[in-house]
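S.K.: One structure, pasted below without further comment.
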Amino acid sequence: MNKNHLEFLASAQWAAMLEADLLPWLVSVVELGGDVLEIGPGPGLTTDMLRQRTSKLTAVEADKGLATALAARLRGTNVDVLHADGTDTGLAASRFSVATCFSMLHHMPSAALQDRLFAEMFRVLRSGGTLVGTDSIDSRAARAFHEDDVFVPVDPRTLGTRLEAVGFVDAGVEVASYEIRFRARKP
């Protein structure tokens, strides 16, 4: 992730956007339950939001430096931070009530890896569990913001079908002002 992007994801502006945009949507589409998984927390502003609304949160971060910093900052809280690949977490199957991924899918280098991530999230969700997430809309501004970054945008027209291909049901995808929002359920 480029320096400007990383700084934005740790900023008060991003925290305010999460509070104003993400949180109202999130609480309208899912009840988190007691054991939540977050894939790709980055600096952890989404983690802070989630941890206040569940009793146990596991955050899986692929970047070692980000994972180490987040683990140190959240030591002694209800959050366990794992430095691991989201496509192969090593976590127990059928464990989580909800699995989340916010604004991170486009950082995966291919749609095939995104699909592997969906399959892993399906595997670790318990029956009846929900996947919720967001990602950036493909636009000229988004591409400019991701200069010198991996940027593989998710097509909202095919996302529901991709989620169903790994076993999810009741997939819903909506396009908001600057992001795609999605949810699906494990039967």
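S.K.: Considering amide H positions built from the backbone, and no H for Pro or chain starts, which residues 5 or more places from G44, or on another chain, come under 5 Å of its amide H?
M.R.: none
S.K.: Can you tell me how much longer the chain between A16 and E147 gets when fully stretched, taken as 0.36 nm per residue apart minus their C-alpha distance, in nm with one decimal?
M.R.: 44.8 nm
S.K.: Connecting C-alpha atoms closer than 10 Å in a GNM of the chain, tell me which of R73, R116, R126 has the biggest fluctuation.
M.R.: Greatest mean-square fluctuation among the candidates belongs to R73.
S.K.: Straight-line reach from K3: which lysines have a Cα under 25 Å away, not including same-chain ones fewer than 8 places off?
M.R.: K64
S.K.: Taking amide H positions as placed 1.01 Å from N in the peptide plane, with prolines and chain starts having none, which residues 5 or more places from I180, or on another chain, fall under 5 Å of its amide H?
M.R.: Amide H neighbours of I180: D135, S136, I137.
S.K.: I would also like to ask the following. Provide the percentage of antiparallel DSSP beta bridges, counting only those with both residues in the chain; round to the nearest 5.
M.R.: Here the share of antiparallel DSSP bridges comes out near 40 percent.
S.K.: Determine the calculated [θ] at 222 nm for the chain from helices alone, applying -39500 (n - 2.57) to every DSSP H run no shorter than 4 residues and normalising by the residue count; nearest 500 deg cm²/dmol.
M.R.: The helix contribution divided over the chain gives -10000 deg cm²/dmol.
S.K.: Taking square-rooted eigenvalues a ≥ b ≥ c of the alpha carbon gyration tensor, is the stretch 71-137 rounded, prolate or oblate, where a/c under 1.5 means rounded and, failing that, a/b exceeding b/c means prolate?
M.R.: Values: a/c = 1.63, a/b = 1.20, b/c = 1.35.
Cα axes put the stretch 71-137 in the oblate bin.
S.K.: Mind grabbing the base-10 log of I(q)/I(0) for the chain at q = 0.09, 0.13 Å⁻¹? Debye formula, identical points on the C-alpha positions, no solvent, two decimal places.
M.R.: The calculated log intensity ratios at q = 0.09, 0.13 Å⁻¹ are -0.28, -0.61.
S.K.: Please list, ordered by chain and number, the residues whose modelled amide H lies under 5 Å from the amide H of F96; skip anything fewer than 5 residues away on the same chain.
M.R.: Amide H neighbours of F96, under 5 Å, 5+ apart: L125, R126.
S.K.: In nm, what is the difference between 0.36 nm times the number of residues separating D155 and S127 and their Cα-Cα distance? Could you put the intermediate results ahead of the total?
M.R.: Working: separation 28, 0.36 × 28 = 10.08 nm, distance 2.68 nm.
Between D155 and S127, full extension yields 7.4 nm more.
S.K.: If you put +1 on each Lys and Arg Cβ and -1 on each Asp and Glu Cβ, how big is the dipole of the chain around its Cα centre, in Debye rounded to 20?
M.R.: Here the size comes out at about 460 debye.
S.K.: Okay, moving on. Using the Karplus equation 6.51 cos²θ - 1.76 cosθ + 1.60 (θ = phi - 60°), what ³J(HN,Hα) coupling, rounded to whole Hz, does each residue of the stretch 168-174 give in order, writing x for Gly and Pro?
M.R.: With the stated coefficients, the stretch 168-174 comes to 5, 10, 6, 5, x, 10, 9 Hz.
S.K.: Using the Karplus equation 6.51 cos²θ - 1.76 cosθ + 1.60 (θ = phi - 60°), what ³J(HN,Hα) coupling, rounded to whole Hz, does each residue of the stretch 132-149 give in order, writing x for Gly and Pro?
M.R.: 3J(HN,Hα) across the stretch 132-149, in whole Hz: 10, x, 9, 7, 5, 6, 6, 8, 4, 5, 5, 5, 5, 5, 9, 4, 6, 10.
S.K.: For the pair Q52 and N4, how long in nm is the line joining their label points, each one 7 Å along Cα→Cβ?
M.R.: So the label points at Q52 and N4 sit 3.0 nm apart.
S.K.: Now, a different point. Would you mind getting me the FRET efficiency between D115 and S28? Use the beta-carbon distance for r and R0 = 30 Å, nearest 0.05.
M.R.: Here the calculated transfer efficiency is 0.65.
S.K.: Give the Rg (one decimal place) followed by the Dmax (whole number) of the stretch 1-55, computed from C-alpha coordinates and expressed in Å.
M.R.: Radius of gyration, then largest Cα-Cα span, for the stretch 1-55: 11.9, 34 Å.
S.K.: Over the chain, what relative contact order in percent results from Cα pairs under 8 Å that are six or more residues apart?
M.R.: 19
S.K.: Further question: Across the stretch 25-42, in residue order, what do the Karplus-derived ³J(HN,Hα) couplings come to in whole Hz, using 6.51 cos²θ - 1.76 cosθ + 1.60 with θ = phi - 60° and x for Gly and Pro?
M.R.: These are the phi-based 3J(HN,Hα) values: 5, 4, 5, 7, 10, 7, 9, 5, x, x, 9, 10, 10, 10, 9, x, x, x Hz.
Quick note: the coordinates plus some simple rules give every number you see, no bench work behind them. What you see is a predicted model, and the numbers here were worked out from it, not measured in a lab. Quick reminder, even Gly has a Cβ in these numbers, built from the backbone with ideal geometry, and neighbours come from all protein chains shown.
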